[in-house]
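The values are calculated or read from the model by the stated rules, or taken from the named source; none is laboratory data. Quick caveat: nothing in here was measured; it's all calculated off a predicted structure. Cβ coordinates were reconstructed from backbone atoms using ideal geometry, including for glycine residues, and neighbour counts include every protein chain displayed. With ligands, DNA and RNA removed, areas are computed over all heavy atoms of the protein, side chains included. Shrake-Rupley method; radii C 1.70, N 1.55, O 1.52, S 1.80 Å.
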Amino acid sequence: MHRSLVAVVVLASVNAQVRFEPHLDLAARANHAMAYDTVRQRVCLFGGGQSRDDLWEWDGAGWVLRSAFVGPIGRYGHAMAFDPVRGRLVVFGGQSSYGASLGDLDDTWEWDGTNWTQMTPQRHPSLRSGARAAYDSVRGRVILFGGIHITNGQGTFYDDLWEWDGTNWTALNPGFRPSPRSEAALAFDPARGRLVMYGGWGGSSVGLVDAWEWDGTTWTDRTSATGPRLDRGAAAVFSATAGGIVLLGQTNPSLQFPHMETWRYDGAAWTLVTGGPTDAGNFVVMAHDAGRARTVSYGAAGGETWEFDGALWVRAAPSAAPAFRYQSVPSMVFDTARGVTVLVGNSTSAAQVETWERQGNGWTRRVGVGGPSISIGQAMAYDSTRARTVLFGGLSPYGGDQTWEYDGAVWTQRTPSPRPPALYGHSMAFDPLRDRVVLFGATSTNAPGVTWEWDGATWTPHTPAHSPWGRRFAGMAWHPLMQRVLLYGGGEGQTTTSLFADIWAWDGTDWTRMSTSIPPGERTRHAMVYDFARDRLVVHGGRDTRDVRTDTWEWDLTTWTQRTPTTNPGPTSDLAMVFDHERRESVVFGGVTYRTWTYGPEVAALATPFGTGCNGTAGRPTLTAQTLPWLGDSFRQLASSLPAQSVAVLELGASRQIWHGFTLPLDLSSIGMLGCWKYVSTDVTVPFGTQGGAVTQAMPVPAAASLHGARLFTQVFCVDPGANPFGATMSNALDVTLGGR
């Protein structure tokens with residue numbers, strides 16, 4: 001048999017691989033950039049957030065991911081414009097939060113609709129973010145103005161003007177120019193051959209409200225006393241449909257009740273047209289789709305897509321993925337009753353936390369379910385006995401000792417007394433053996449921590465003889481093999497100067513320190529989860545005293561092993577991780593980019609039943625997998641509903657489609673096995689007795705590299721004289737994939 005379990009000779013030890021797989025959703029973000037690609041007739045969106053590197057296109061119906069993890073390093077606050085003559089999207093500068101590239105950038109990149117190319121001009125603008133760019137169709141150049149460079153907490157604003165011709169940047173040096181600034185609104189008016197600029201930020205507490213025009217030679221001040229008074233971060237585009245420059249922004253915060261306003265500038269006067277998207281915030285990003293005569297804005301707050309037809313704004317697409325306040329530390333659980341991941345985080349725009357759910361590959365925001373006020377450092381656990389997500393505490397202006405429960409339809413606040421003190425950065429996990437949510441936290445980092453348990457009605461404090469030292473942002477998970485709640489790592493206070501590398505186990509009465517130091521080392525704000533498919537405790541990311549971590553570790557009760565997947569989320573802390581029992585993989589969310597990843601083996605062990613057995617004297621024979629076929633383990637299959645004293649054969653085959661020229665499945669009624677079907681080819685047979693009517697077949701799976709990902713099929717044939725004229729029955733079958741942990 002090809003790659004059979006019993007005929008293979010172990011030739012090589014397998015080094016099974018795990019992998020992180022990114023799931024890139026268009027999440028809400030700020031300081032991204034948008035431009036209209038006139039060649040491909042798509043609105044392009046790139047970067048933003050805390051250093052995202054994804055490129056998306058909008059065609060009026062939906063957003064499509066075009067590029068990620070290749071090309072420019074993730075960034076925000078960059079300048080971007082489209083050159084229609086050369087068919088290139090041009091990106092310059094911005095700021096990055098990644099490792100060696102931390103800080104302002106001065107690189108130039110171009111996207112041709114398929115590939116990114118880094119350009120190497122002899123001259124270029126200096127390091128900066130907050131610059132703005134537009135394409136001058138009269139002179140055939142991308143124009144860039146202003147920006148800010150921050151060093152040692154001090155910002156230098158620029159008032160310089162540059163042109164990009166596809167090869168080099170050229171500095172323009174007009175004698176009279178606008179004051180230095182960043183985050184201005186910039187657009188080119190092709191009808192009048194003028195670059196129009198409005199406002200921006202020059203370092204004051206409010207945005208600038210002046211307007212300027214550049215004719216290719218001279219700057220002219222066009223500030224109007226009756227013009228807009230918008231805050232920094234407004235955006236401008238040219239719209240022939242609207243009759244000139246469209247300006248969108250939030251009114252100056254010095255005014256009462258700041259709100260969104262849309263203005264039109266025709267070269268002579270400013271006219272207030274309407275309000276604006278409800279989720280735009282005070283940092284607006286827009287592009288004009290000339291082919292569809294629509295101005296498109298993607299929101300920085302709620303992640304919604306809006307379109308403007310020259311008169312009204314209409315929401316074209318709702319938010320598609322979560323994005324929370326920076327370092328808000330989201331919380332996540334897996335709801336086993338409904339088969340969904342539940343995510344809670346600190347909203348960027350509302351007074352309540354946002355609740356999101358993921359089933360499969362997409363996120364859905366749950367609107368109208370209520371919930372606690374915005375908070376940071378709350379903790380959650382899923383109570384599988386009562387089918388409730390339990391949330392407690394967090395930093396909040398309304399107190400951090402609140403208990404909430406979510407049943408999948410609505411959040412309900414519980415008001416038990418007593419209850420734990422106000423906590424943040426604490427840890428929670430559910431103990432299914434004792435039906436309790438276990439909480440460990442720190443009221444002070446100069447004393448032992450506090451341990452409480454929630455039974456669905458009452459919080460009970462514990463005073464164990466031994467306890468971990470007070471800490472925050474530790475990892476916590478239920479370990480089913482040990483039947484203990486485990487606690488690992490964490491830190492004192494809000495700094496990373498004093499961290500823990502110990503691991504503790506809670507049995508419902510006392511904490512036991514299992515080790516003062518484990519190989520993953522000291523860390524805080526990491527993710528920890530138990531992988532039920534592979535029986536491994538998984539630790540990823542977090543912070544140590546030096547930097548943000550990128551490493552992944554697994555523990556099999558004997559050995560800690562560092563895994564080295566080809567791709568990973570990069571330096572990541574303040575993240576959440578849960579095990580998805582439906583898809584048998586871990587889900588990771590958070591970090592500075594708020595991306596979603598799944599983690600698991602490159603090839604997962606599977607044993608999926610198919611077909612049905614036929615009636616026998618003891619019922620319908622059934623074949624089930626008691627364990628999964630991992631390389632190096634024992635694959636256990638249970639054959640049940642067999643006659644108590646008979647002989648059976650476990651058949652292993654390499655095919656479920658053909659056997660000796662016969663097409664499978666093969667109806668065996670013609671030979672007297674009424675209602676019986678042969679589902680698998682017979683390449684290897686393992687006879688066994690049926691004493692007791694239920695027999696487990698334990699088959700060693702060799703740790704052979706040649707078997708990694710191999711697929712085979714199993715079925716049981718049983719002698720049963722009273723079942724039918726032929727005197728035998730068949731079970732259902734199993735579709736088996738050999739996986740590597």
The stretch 372-418, residues that are crowded, with 16+ Cβ neighbours inside 10 Å, under 17 Å from Arg338 (Cβ atoms) and free of Cβ contacts under 8 Å to residues at least 60 places away in the same chain: Met380, Ala381, Tyr382, Ser384, Thr389, Glu405, Trp411
task: Please indicate, with yes or no, whether at least one residue in the stretch 55-76 is among the acidic types (Asp, Glu), open to solvent by 20 Å² or more (accessible area, probe 1.4 Å) and either over 24 Å from Thr170 (Cα atoms) or over 25 Å from the mean Cα position of the chain (by Cα) (or both).
output: yes
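For every residue, the table says whether it meets (1) of a type in the set (Val, Ile, Thr); (2) at pLDDT below 95.
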residue	(1), (2)
Ile376	yes, yes
Met380	no, no
Asp383	no, no
Val390	yes, no
Leu395	no, yes
Thr403	yes, no
Ala409	no, no
- prompt: For Gly103, which of the numbered conditions (1) at pLDDT below 95; (2) open to solvent by 30 Å² or more (accessible area, probe 1.4 Å) fails to hold?
  reply: (2)
task: Would you check if Gly456 is in contact (Cβ under 8 Å) with a residue 40 or more places away in the chain, over 29 Å from the mean Cα position of the chain (by Cα) and at positive phi?
output: yes
message: I need the full set of residues from the stretch 643-678 which are open to solvent by less than 50 Å² (accessible area, probe 1.4 Å) and in a loop (DSSP other than H, G, I, E, B), in order please.
response: Pro643, Ser646, Ala654, Ser655, Leu664, Leu668, Gly672, Met673, Gly675, Cys676
field: Test: Asp510 is touching a His at 6+ places or on another chain (Cβ under 7 Å), among the charged types (D, E, K, R), in contact (Cβ under 8 Å) with a residue 40 or more places away in the chain and open to solvent by less than 60 Å² (accessible area, probe 1.4 Å)
entry: yes
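For (1) part of a loop (DSSP other than H, G, I, E, B); (2) touching a residue at least 24 places away in the same chain (Cβ under 8 Å); (3) in contact with a helix residue (DSSP H, G or I) (Cβ under 8 Å, 6 or more places away or on another chain), each residue gets a yes or a no:
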| position | (1), (2), (3) |
| --- | --- |
| Arg29 | yes, yes, no |
| Tyr36 | no, yes, no |
| Arg40 | yes, yes, no |
| Leu45 | no, yes, no |
| Val64 | no, no, no |
| Val85 | yes, yes, no |
message: What's the number of the only condition in (1) at pLDDT below 95; (2) open to solvent by less than 20 Å² (accessible area, probe 1.4 Å) that Met428 fails to meet?
response: (1)
statement: From the option list Ser641, Ser731, Ser669, Ser681, single residue qualifying as over 30 Å from Asp535 (Cβ atoms) and touching a strand residue (DSSP E or B) at 6+ places or on another chain (Cβ under 7 Å) is Ser681
Filter result for the condition that a residue is free of Cβ contacts under 8 Å to residues at least 60 places away in the same chain and within 15 Å of Asp507 (Cβ to Cβ), over Pro421, Pro432, Pro448: Pro432
- prompt: Which ones in the stretch 432-451 are open to solvent by 30 Å² or more (accessible area, probe 1.4 Å) and under 30 Å from His581 (Cα atoms)?
  reply: Pro432, Leu433, Arg434, Asp435, Arg436
task: Check the stretch 587-610 and report whether any residue there is among the aliphatic types (A, V, I, L, M) and closer than 30 Å to Thr460 by Cβ.
output: no
Subset of the stretch 688-713 that is part of a helix (DSSP H, G or I) and surrounded by 14 or more Cβ atoms within 10 Å (Cβ to Cβ) - its residue that is modelled with the highest pLDDT: Gly693
statement: Output for Cβ contacts, cut-off 6 Å, separation at least six or different chains, first residue without any contact (Cβ under 8 Å) to a residue 24 or more places away in the chain in the stretch 147-165, second open to solvent by 50 Å² or more (accessible area, probe 1.4 Å) and outside any strand (DSSP E or B), reads Asp159/Arg177; Asp159/Pro180
Output for the stretch 663-708, where each listed residue is without any contact (Cβ under 8 Å) to a residue 12 or more places away in the chain and over 45 Å from the mean Cα position of the chain (by Cα): Asp667, Ser669, Ser670
- prompt: Among the residues of the stretch 303-322, which ones are in a loop (DSSP other than H, G, I, E, B) and either at pLDDT 95 or above or open to solvent by 10 Å² or more (accessible area, probe 1.4 Å) (or both)?
  reply: Glu304, Asp309, Gly310, Ala311, Leu312, Pro318, Ser319, Ala320
- prompt: Is it fair to say Val296 is part of a strand (DSSP E or B) and modelled with pLDDT of 90 or more?
  reply: yes
- line: Result of the Cβ filter at 7 Å on the stretch 356-369, keeping first residues that are in contact (Cβ under 8 Å) with a residue 12 or more places away in the chain and within 17 Å of Thr598 (Cα to Cα) and partners that are acidic (Asp, Glu) and open to solvent by 20 Å² or more (accessible area, probe 1.4 Å), at least 6 apart or interchain, is Trp363/Asp25
field: Cβ-Cβ under 7 Å pairs, at least 6 apart or on other chains, the stretch 578-602 side under 17 Å from Ala321 (Cα atoms) and charged (D, E, K, R), far side modelled with pLDDT under 95 and open to solvent by 10 Å² or more (accessible area, probe 1.4 Å)
entry: Arg595/Pro22; Arg595/Leu24; Arg595/Pro569
query: Restricting the search to the stretch 513-535, which residues are free of Cβ contacts under 8 Å to residues at least 24 places away in the same chain and out of contact with any strand residue (DSSP E or B) (no Cβ under 6 Å at 6 or more places or on another chain)?
result: Thr516, Ser517, Gly521
